[in-house]
Amino acid sequence: MALVIHPTIRTKLQQDDRKVTEEEICECFTNRSAGLLIDTRVENTTNPPTHWFISETDFGRKLKIVFISKDGDTIIKTAYEPNPEEIRIYNKYA
């Protein structure tokens, strides 16, 4: 299984308001302690389905990781610090 971050997504992750590294994304996958949620919003529907979760990096930074799994790879769609509503939803349903 490979972690795939396409160049356009990698650029987006490096924006000043975000600054999420590949290492932080890997840490969140390792540190995840609850389940995955599927994004069921019509405008975000994908095949295969888009999954997301919220987890902390090794230094306690909370991130929302959004990805799809395809052909054994994990393809990152985005990652950023979640807002309170996203945290509430994740805590309720994960």
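Table for the structure above
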| item | result |
| --- | --- |
| Filter result for residue 20 (out of contact with any Pro (no Cβ under 8 Å at 6 or more places or on another chain), aliphatic (A, V, I, L, M) and in a strand (DSSP E or B)) | no |
| All positions within the stretch 67-90 that are without any contact (Cβ under 8 Å) to a residue 40 or more places away in the chain, surrounded by fewer than 19 Cβ atoms within 10 Å (Cβ to Cβ) and not in a loop (DSSP other than H, G, I, E, B) | 68, 69, 70, 84, 85, 86, 87, 88 |
| Scan of the stretch 48-68 for residues that are closer than 19 Å to residue 5 by Cα, modelled with pLDDT of 95 or more and out of contact with any helix residue (DSSP H, G or I) (no Cβ under 6 Å at 6 or more places or on another chain), ordered by number | 51, 52, 53, 66, 67, 68 |
| Qualifying positions in the stretch 1-47 - acidic (Asp, Glu), modelled with pLDDT of 95 or more and out of contact with any Asp or Glu (no Cβ under 6 Å at 6 or more places or on another chain) | 22, 23, 24 |
| Filtered residues of the stretch 5-17 (kept if under 12 Å from the mean Cα position of the chain (by Cα) and either outside any helix (DSSP H, G or I) or without any contact (Cβ under 8 Å) to a residue 60 or more places away in the chain (or both)) | 5 |
| Hits in the stretch 24-51 - residues which are among the charged types (D, E, K, R), surrounded by fewer than 14 Cβ atoms within 10 Å (Cβ to Cβ) and outside any loop (DSSP other than H, G, I, E, B) | 43 |
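The values are calculated or read from the model by the stated rules, or taken from the named source; none is laboratory data. Note that the coordinates shown come from a computational prediction; the quantities given were computed from them, not determined experimentally. All Cβ positions, glycine included, derive from the backbone under ideal geometry; neighbour counts span all protein chains shown.
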